[in-house]
1. Please calculate the 1.4 Å probe accessible area of SER711, with all protein chains present, and give it to the nearest 10 Å².
2. With a 1.4 Å probe and every protein chain left in place, tell me how much accessible area ASP32 has, in Å² to the nearest 10.
3. I want the local charge near LYS452. Using Cβ-Cβ distances under 13 Å, sum +1 for each Lys or Arg and -1 for each Asp or Glu among the other residues.
4. Which percent of the accessible heavy-atom area of the chain goes to carbon and sulfur, probe 1.4 angstrom?
5. What are the ³J(HN,Hα) values, in whole Hz, obtained from phi via the Karplus relation 6.51 cos²θ - 1.76 cosθ + 1.60 with θ = phi - 60°, for each residue of the range 285-298 in sequence order, with x given for Gly and Pro?
6. Which ³J(HN,Hα) values, rounded to whole Hz and listed in residue order, are derived for the range 625-639 from phi using the Karplus coefficients 6.51, -1.76 and 1.60 in 6.51 cos²θ - 1.76 cosθ + 1.60 with θ = phi - 60°, glycine and proline given as x?
7. Please give the residues of the range 49-88, grouped as numeric ranges, whose backbone N is less than 12 Å from a label point set 7 Å along the Cα-to-Cβ vector of VAL136.
8. Roughly how far apart, in whole Å, are the Cα centres of the range 277-313 and the range 46-61?
Amino acid sequence: MYTKRMITGYDPISRTLATGIGNLIDLIRLPDTLVPPEHQLNVHRSQRVHTEFQKKMENNGWKKEIQVELKLKVHGINFHIKGRLDLLLESDGNLALLEVKTTPVQPDFIDPVNSRIRHVLQLCFYAKALAGERHVSLESIQTGLVYLLMKTRIPERYDFPVDISGTQVEEIWLGHLESIADYLNEEDARKREQIFSLANFSFPYGSFRSGQQEMINDVRSAIIDQACLMLQAPTGTGKTAAVLFGALQEILPRRLTLFFLTAKNTHKQIVDETLRLIISGGLPLRAVFITAREKVCLRGRSSCLPDDCPFALDFGRKVRESGVIKNLLNRKVIGPDSLVEMSKRAGVCPFELQLIISTRCDVVTCDYNYVFDPHVYLKRFFMEKSTSRTCSLLIDEAANLPSRARDYYSPEIRLSWVKQLLADHQCPKYRRKLLEPWEEKFRELNNILKQKDSQEYELPPDTELSLHIEQWMNHFIELRDAPEELRLMFRAILDFSKISDSYDSRFHLLFRAEGNDSVLQWFCTDPSEFLNERLQACHSSIAFSATLAPFDHFRDLLGFPGEPETRYRSISYPFPEKNLGVWIDSSIDTRYKNRTLSVTLLAEKLRTIYSSVPGTWLVFFPSYAYIDLIRGFLDESSLPLLIQTPGMTGEERTSFISQIESGSHLVLTVSGGIFAEGIDLRSDTLRGAAIVGPSLPGMNLRLKLLSESFSARNRNGFLHTWAIPGMVRVIQAAGRLIRNEEQRRVIILIGKRFTGYPYIGLLPEHWFSNGSIQLLSNGLDNVISFMK
């Protein structure tokens, strides 16, 4: 059985499936091909043509949009199906009904039933429902399909009568219902097995760490009450295992889909390990890891071109004949490697296959964007309220979601797209006419930028832009395989049009230079309302991180509702506080304007730290520029330096971590970067971390606007824009140090600002000893003594 959509409307107690005919057909019938029959933007025109035809027929005595329903029982499942038939004609006691479809190509009637099974199933339902309601025989109803060819200005009509009472159609109809009933019976049996297994379900890691039982209880309670939970727990408390263990106990009996949202591959590995332990412990689960299209594309493409892809053709037949879905589901945990391998064998698109499989899984692990990005969210789960209510969200490292969401809702247009499209010698005149005003606009904006002492400036919100949305839509509809730049351009045009038509104070029109490119962007300062819409639509949402304080700051940014809909829990530090030594060195001024004056003193401080307490030390800087500044004073020393560089590849990152974990090094890395969160360093030589400055985000126009938006809401703009995010980076960086009760580590906060407001008030409670943090006033004697 191959479900394409979520199963909604099924009551396992009465064993009744109540649904519409469209959903019923899409539940298990896979598309024959992934090549769309027409451009999705053409749907609007199709609907208009369909409506106009119905009105024309209505003038000839036909009735349109007649509500009908049918109840029947198949293989123990009660079906209650509803729908609206397109056209009905009643004349002298005779009934005739038509199902109307639009088509971009001339219909082929060589084998009309098997080539139009979806349409025939609809027609069959309407006829059976009508026969039951009117108490007439199926044979007495005249039925047919009408296709309206949209190639011409006035659509051509093609009629095809269908004998609904014939054996062929009856077998297709009954076979479809039997397949759905068999699937529901299988799911009922699988759910019964899960509930039985939950009775003996035990924590996969044996004993609980301190705080894990609290987290489990809070997660279970939030799901039971369909509420929101914000959970803060220090690094090393085992958040992933706790939230998964708690959530599974409640989502499985309720037949919910659990979404584990994370942006980090390292976190996905932890989820994978935890799920496999849970399954090996006796709980039958199915889980899939959704991977980006370009990373699993069998043709190695960055954009999808189904018209020119053999893995898109005959998709449904290949899936059915290969049994690839059953084979993958038997693996229990479906990751990208097995997905690509088995998709290649079956000759089908891995990305589309994993989306179909996701509807058959209990746990879906994916990036934030598959839930919150308006362009790529999983529509089969989140487009309709009925399916959204079957989803429970676990939002990992939730402190990172607000900045990601700002990107989702800040569309941009790039000069490089325009130039690339215009440089194409085959660029049609109509497209050039749409693009050339943009090239001229960018030239104008760049001239203004040259006159300003900045890399970015704000334009008036009513700035005239060459949107011409209707012309763009007409042009794009005609294309089958548009160039990637054109796809991006068109999507941005649509987004720009929506924002321009309904301007609000959250959006600011900005122009900036970015390397050799220029960017025009509607920057969104506050996407919380958009996030809230998704959260409110879902069954329950749990946001967890080591850094969610202050709670009200992150609650507002994440779009979580206020109390009592949102609960809060802060877990205490689980390890012996005596094993963590924290000092502040206030002798160095790390402020941007004074860095060059203090860099010599800082370099000497780092040399002293490494030589006094030999081993591996992590040194976190607020920027790569600061690292470049300090390395000039350290390169000539004999220190074993490891230095993070921008844009490291996956292989380079893995090698960098391996080097940290072997031998002794002074590691220079960036706060808030890939090595400052989400990794578990296994190094016996690790001694501690020196964190240089509060790691405040840099000053730029976007952050200035963000600060103003906080001020407009009676919030402290500096605190919420710079101080809190900066200290979140500090706390995340320090989280790399201690992961068990035996480890003994040191944190040295370098910078005068750590001793004052607001920074010291944002430090974790367990960093304070007897209500204070020690100052490094007598060299490193206290640190040396602590580490002995």
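1. The accessible area comes out at roughly 60 Å².
2. 90 Å²
3. Working: positive: LYS450, ARG512; negative: ASP453, GLU456, GLU458.
Net local charge, LYS452 excluded: -1.
4. On the way: 17000 of 35220 Å².
Here it works out to 48 percent.
5. 10, 10, 9, 10, 9, 6, 10, 4, 3, 5, 7, 10, 4, 6
6. Ordered by residue, 3J(HN,Hα) equals 4, 5, 5, 4, 5, 6, 5, x, 9, 10, 4, 7, 7, 8, 5 Hz.
7. Under 12 Å, as judged by backbone N against the label point of VAL136, lie 88 of the range 49-88.
8. 42 Å
The values are calculated or read from the model by the stated rules, or taken from the named source; none is laboratory data. Keep in mind the model is a prediction, meaning the values are calculated, not measured. Ideal geometry is used to build each Cβ from the backbone, glycine not excepted, and the neighbour counts take in all protein chains shown. Each accessible area value is taken on the protein alone, full model and side chains, heavy atoms only, with ligands, DNA and RNA left out. Shrake-Rupley method; radii C 1.70, N 1.55, O 1.52, S 1.80 Å.
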